[in-house]
Amino acid sequence: MVEAHQPPRTIRLVRSPKTDGVGVFRITAGRRSQFYAVVEVRCEIGGRGFAVHRLGMGTLYHVRVGAPRDCSCECLGFLRWGRCKHVSGLQALIRQGAL
Ligand SMILES: [Zn+2]
């Protein structure tokens, strides 16, 4: 595994998007924590679409989550490896029923 040396990542929903559409989640890896705002966006090509914005940074990623062929993200990790923490994190939150 390419990422075997990295500490395990956990994702937690900090603010539910169910009231006004804007959610916040936190990805923790080892001692590093990053917060992201997430808004579901219209997606007409399969899967569910999300705009994910890392708080405190300028970076905005459009993330699509669904069947394997319907997963995509604009980050460098996804471009390089075909997978990333944004896709896997949102998949975990969807599995938990949080999104
Ligand atoms: Zn990504």
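If the Cβ limit is 7 Å and pairs must be 6+ apart or interchain, which residue in the stretch 47-66 that is farther than 16 Å from GLY21 by Cα and acidic (Asp, Glu) pairs with which residue that is open to solvent by 80 Å² or more (accessible area, probe 1.4 Å) and within 12 Å of the ligand (Cβ to nearest atom)?
Listed by first residue and then by second, the contacts come to nothing, as the list is empty.
Would you be able to tell me the number of residues in the stretch 50-99 that are of a type in the set (A, V, I, L, M), open to solvent by 70 Å² or more (accessible area, probe 1.4 Å) and either assigned to a loop (DSSP other than H, G, I, E, B) or more than 10 Å from the ligand (Cβ to nearest atom) (or both)?
Of the residues in that region, 3 qualify.
Just give me the residues in the stretch 23-38 being touching a residue at least 12 places away in the same chain (Cβ under 8 Å) and open to solvent by 60 Å² or more (accessible area, probe 1.4 Å), in sequence order.
Listed by number, the residues that qualify are ARG26, PHE35.
Could you list all residues from the stretch 1-21 that are surrounded by fewer than 14 Cβ atoms within 10 Å (Cβ to Cβ) and in a strand (DSSP E or B)?
Result: THR10, VAL14.
The values are calculated or read from the model by the stated rules, or taken from the named source; none is laboratory data. Keep in mind the model is a prediction, meaning the values are calculated, not measured. Heads up, the Cβs are rebuilt from the backbone with ideal geometry, glycines too, and the neighbour counts pull from every protein chain shown. Keep in mind that these areas ignore ligands, DNA and RNA; they rest on the heavy atoms of the full protein, side chains included. Shrake-Rupley method; radii C 1.70, N 1.55, O 1.52, S 1.80 Å.
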